[in-house]
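A.B. asks: Here you go, one structure.
The values are calculated or read from the model by the stated rules, or taken from the named source; none is laboratory data. Only a predicted model underlies this, so the values are computations on that prediction, with no experimental measurement involved. Please note: Cβ atoms are built from the backbone with ideal geometry, for glycine as well, and neighbour counts cover all protein chains shown.
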């Protein structure tokens, strides 16, 4: 039976609740001063206990980095009370959220690809409420499948470290299983089966997809070839994108350079790809004649875009973008709501009880609620990148640091575009910044230096280059655990 426990605020302190620990939420927490933390009762609610440094996930998934090098524990932020929980409902008029514990009483099973069924302890998890004076929503986004059949069942995503671990497990198990099933020498029929089992398809030619394809190529060419020389030559990597080019957010010349390099490396880039479905056999791609062809694969990684989180879609009475359903904020990142809904006390939502949302009337800001990161947008949309979320988190923290008990921004948020970077494998990278553009080995050195400095803790600023040095001397980690 599910009950309700109302958590009251600490006496004498206003309560600040932060939902989410992605780029926006974590940057906000890390930028709060000790003085601010001491004056507020800060509670953080997140279904994950750590922050994933997403630019390094492709390397972690292919053994270039240890998983811990891409993680920052939330508990390392002192002065907060952390709730490992899902946010199921919001009521902005009553200033209350409802959460359900996300903790699992049992240890994760050995195979990260094996789905787990709820245990009795999880079924009895008690939903409880947390009141707030100030609310910062940074719940991020989910992977967009665009309604494509079979994606959730048969493809892997690359959103956090658990995804990276599942991908590494699948890559290594594909080679290990194929090696056991097809001993040498291989017949022509065997080779066809091996090609199918060791076919890797990456859907989405943005930075995440391109970097993963490049890292996977380097893993196979530099490490797995030494272990499975008769199999590695039959492995293939295909990078699919629905557009006319990969890395479309980069300068056209840099994107073309990446495509030429991938062609030299044997990574097949398929543009204008229309995917009908994903099965356990591979990807069905629409052909020019209106039919579909099976692109056989032993693993499919899906990195095509993002969609709004369930709680973002469920909240009623909030101004939203028509297409993405993201919440709209004003220039100071305060959440915009419809005045009639606010006057009636009907700005609420529950992911388990969806209801139609009529967006009507003037919009006004909720002065004690802010939304940052991929869950929100503004009148002039900004790209849904870690850079934008990080800057919004830092900006909002400065607002709280200036006046912890009465936070109110004096100046609007202004995004400063610092450019984009992407690793394209074989010690090469792309840099597209307002200062200049570069490609090749020098860009790769700058890419590595930048992400070492950008690590959120001194621990990882040491671990990341240490991992890279270890790989240079001893090779990648090709163990499963």
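A.B. asks: Taking region 21-50 on its own, how many of its residues are within 30 Å of residue 214 (Cα to Cα) and either in a loop (DSSP other than H, G, I, E, B) or at pLDDT 95 or above (or both)?
C.D. replies: Residues of region 21-50 within 30 Å of residue 214 (Cα to Cα): 21-27, 48-50.
Filter once more, keeping what is either in a loop (DSSP other than H, G, I, E, B) or at pLDDT 95 or above (or both): 21-27, 48-49.
Number satisfying all stated conditions: 9.
A.B. asks: Please note which strands (runs of 3 or more DSSP E) are completely contained in region 287-356 and include at least 2 residues that are over 29 Å from residue 160 (Cβ atoms) and not assigned by TED's automatic domain parsing to the domain that holds residue 396. Spell out how you get there, then give the answer.
C.D. replies: On the way: elements: 292-296, 299-302, 306-308, 334-338, 348-350.
Those strands (runs of 3 or more DSSP E) span 292-296.
A.B. asks: Restricting the search to region 446-456, which residues are touching a residue at least 40 places away in the same chain (Cβ under 8 Å) and in contact with a strand residue (DSSP E or B) (Cβ under 6 Å, 6 or more places away or on another chain)?
C.D. replies: Listed by number, the list holds a single entry, 456.
A.B. asks: Sticking with this structure for a sec: Is there a residue being in contact (Cβ under 8 Å) with a residue 60 or more places away in the chain and over 30 Å from residue 407 (Cβ atoms) anywhere in region 337-349? Give the steps one after another, and end with the answer.
C.D. replies: Within region 337-349, the subset in contact (Cβ under 8 Å) with a residue 60 or more places away in the chain is 337, 342, 345-349.
Then drop every residue that is not over 30 Å from residue 407 (Cβ atoms), which leaves none.
No, region 337-349 contains no residue that is in contact (Cβ under 8 Å) with a residue 60 or more places away in the chain and over 30 Å from residue 407 (Cβ atoms).
A.B. asks: Restricting attention to region 406-423, which residues are surrounded by 13 or more Cβ atoms within 10 Å (Cβ to Cβ) and either farther than 29 Å from residue 251 by Cα or touching a strand residue (DSSP E or B) at 6+ places or on another chain (Cβ under 6 Å) (or both)?
C.D. replies: 407, 409, 419, 420, 421, 422, 423
A.B. asks: For residue 433, are the conditions met, namely being out of contact with any helix residue (DSSP H, G or I) (no Cβ under 6 Å at 6 or more places or on another chain), under 19 Å from residue 42 (Cα atoms), surrounded by fewer than 16 Cβ atoms within 10 Å (Cβ to Cβ) and not assigned by TED's automatic domain parsing to the domain that holds residue 346?
C.D. replies: Details: out of contact with any helix residue (DSSP H, G or I) (no Cβ under 6 Å at 6 or more places or on another chain): yes; under 19 Å from residue 42 (Cα atoms): no; surrounded by fewer than 16 Cβ atoms within 10 Å (Cβ to Cβ): yes; not assigned by TED's automatic domain parsing to the domain that holds residue 346: yes.
When the stated conditions are applied, residue 433 does not pass them.
A.B. asks: Since residue 470 meets every condition but one in (1) under 27 Å from residue 213 (Cβ atoms); (2) touching a strand residue (DSSP E or B) at 6+ places or on another chain (Cβ under 8 Å); (3) at pLDDT below 95, which condition does it not meet?
C.D. replies: (2)
A.B. asks: Given 196, 210, 214, which one is buried (at least 24 other Cβ atoms within 10 Å of the Cβ) and more than 21 Å from residue 479 (Cα to Cα)? Spell out how you get there, then give the answer.
C.D. replies: Values: 196 fails: buried (at least 24 other Cβ atoms within 10 Å of the Cβ); 214 fails: more than 21 Å from residue 479 (Cα to Cα).
Checking each option against the conditions leaves just 210.
A.B. asks: Do we have residue 358 as modelled with pLDDT of 95 or more, over 14 Å from residue 91 (Cα atoms) and surrounded by fewer than 21 Cβ atoms within 10 Å (Cβ to Cβ) here?
C.D. replies: In short, no.
A.B. asks: Take residue 161 and tell me if it is touching a helix residue (DSSP H, G or I) at 6+ places or on another chain (Cβ under 7 Å), over 23 Å from residue 206 (Cα atoms) and surrounded by 21 or more Cβ atoms within 10 Å (Cβ to Cβ). It would help to see each step written out before you state the result.
C.D. replies: Details: touching a helix residue (DSSP H, G or I) at 6+ places or on another chain (Cβ under 7 Å): yes; over 23 Å from residue 206 (Cα atoms): no; surrounded by 21 or more Cβ atoms within 10 Å (Cβ to Cβ): yes.
No.
A.B. asks: Still on this structure, I have one more. How many residues does region 51-79 hold that are assigned to a helix (DSSP H, G or I) and in contact with a helix residue (DSSP H, G or I) (Cβ under 8 Å, 6 or more places away or on another chain)? Full working, then the answer.
C.D. replies: Let us first name the residues in region 51-79 that are assigned to a helix (DSSP H, G or I), namely 54-61, 67-70, 74-76.
With the extra rule that they be in contact with a helix residue (DSSP H, G or I) (Cβ under 8 Å, 6 or more places away or on another chain), the set shrinks to 54-61, 67-70, 74.
Of the residues in region 51-79, 13 are assigned to a helix (DSSP H, G or I) and in contact with a helix residue (DSSP H, G or I) (Cβ under 8 Å, 6 or more places away or on another chain).
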